[in-house]
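Right, one structure below, let's go through it.
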Amino acid sequence: MKSKSKSRSLIYFLEQEIPFNRHLGLKVERAENGFARLILPYKPEFTGDPRRPALHGGILSTLIDTCGGVAVWTCCELEDRIATIDMRVDYLRPAPQADLLAEARVRLMGNRVGNVQTLVFTKEDPDSIIAEGRAVYNIRRHNPSQT
């Protein structure tokens, strides 16, 4: 993102205009060139195994995918389209019933593809990584002459 107003527009779009993100309660804490930090407030419905208790792995992969996409989008225009091509998630430890944070950094940015690494942790224990993701995103640049 080249300006604060574009960053604010992206944040509003991600938090308010994407129904699934709004349903989950995802919030963007930071979005700047090649970096994103998202928070996913805990909800009891996110629990996957109540015997542990631990959050469902799908919640972790959703957070990783969304945060990685935001990091790529910060290097693009709001009108560009970002789509996941490939994603790998390593689940390192059970996710506690707590708010989760994810930080994504663009590792390689091309004209059509972005490569991102994302880490998931809790605010209380940022050094204890719960999951790590690596993803590749397709970038479809907006062409005003084709609209």
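Which count do you get for residues in the stretch 60-105 that are part of a loop (DSSP other than H, G, I, E, B) and either within 10 Å of THR118 (Cβ to Cβ) or in contact with a strand residue (DSSP E or B) (Cβ under 7 Å, 6 or more places away or on another chain) (or both)?
11
Considering only residues that are among the acidic types (Asp, Glu) and surrounded by fewer than 12 Cβ atoms within 10 Å (Cβ to Cβ), which ones fall in the stretch 1-59?
Scanning the stretch 1-59 gives GLU17, GLU45, ASP49.
Return the only residue of LEU24, LEU10 being under 13 Å from the mean Cα position of the chain (by Cα), farther than 21 Å from TYR137 by Cα and not β-branched (Val, Ile, Thr).
The match here is LEU24.
Each row is one residue, and each column tells you yes or no for (1) among the β-branched types (Val, Ile, Thr); (2) closer than 20 Å to ARG140 by Cβ; (3) at pLDDT 95 or above.
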residue: ARG52; (1), (2), (3): no, no, no
residue: LEU60; (1), (2), (3): no, no, yes
residue: ILE64; (1), (2), (3): yes, no, yes
residue: GLU79; (1), (2), (3): no, yes, no
residue: ARG88; (1), (2), (3): no, no, yes
residue: THR122; (1), (2), (3): yes, no, yes
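Note down all Cβ pairs under 7 Å where the first residue falls in the stretch 127-140 and is under 17 Å from ARG37 (Cβ atoms) and touching a residue at least 40 places away in the same chain (Cβ under 8 Å), the second is among the basic types (Lys, Arg) and part of a strand (DSSP E or B), and they're at least six residues apart or on different chains.
Sorted first by the residue in the stretch 127-140, then by its partner, the pairs are GLY133/ARG88.
Being in a loop (DSSP other than H, G, I, E, B) and out of contact with any Ser or Thr (no Cβ under 8 Å at 6 or more places or on another chain) is the filter; apply it to the stretch 49-59 and report the residue that is farthest from ARG105 (Cα to Cα).
Checked the stretch 49-59; the qualifying residue farthest from ARG105 (Cα to Cα) is ARG51.
Take the residues in the stretch 112-135 that are surrounded by 17 or more Cβ atoms within 10 Å (Cβ to Cβ) and among the hydrophobic types (A, V, I, L, M, F, W, C); name whichever of them is nearest to TRP73 (Cα to Cα).
Among residues in the stretch 112-135 that are surrounded by 17 or more Cβ atoms within 10 Å (Cβ to Cβ) and among the hydrophobic types (A, V, I, L, M, F, W, C), the one nearest to TRP73 (Cα to Cα) is VAL116.
Would you check which residues across the stretch 21-48 are touching a residue at least 12 places away in the same chain (Cβ under 8 Å) and part of a strand (DSSP E or B) and list them?
LYS27, VAL28, GLU29, ALA31, GLU32, PHE35, ALA36, ARG37, LEU38, ILE39, LEU40, THR47
Only one of (1) closer than 18 Å to LEU40 by Cβ; (2) buried (at least 17 other Cβ atoms within 10 Å of the Cβ) fails for MET109. Which number is that?
(1)
The values are calculated or read from the model by the stated rules, or taken from the named source; none is laboratory data. Computed from a predicted model, the values in this text were never measured in an experiment. With ideal geometry, Cβ positions are generated from the backbone for all residues, glycine too; neighbour counts draw on all protein chains shown.
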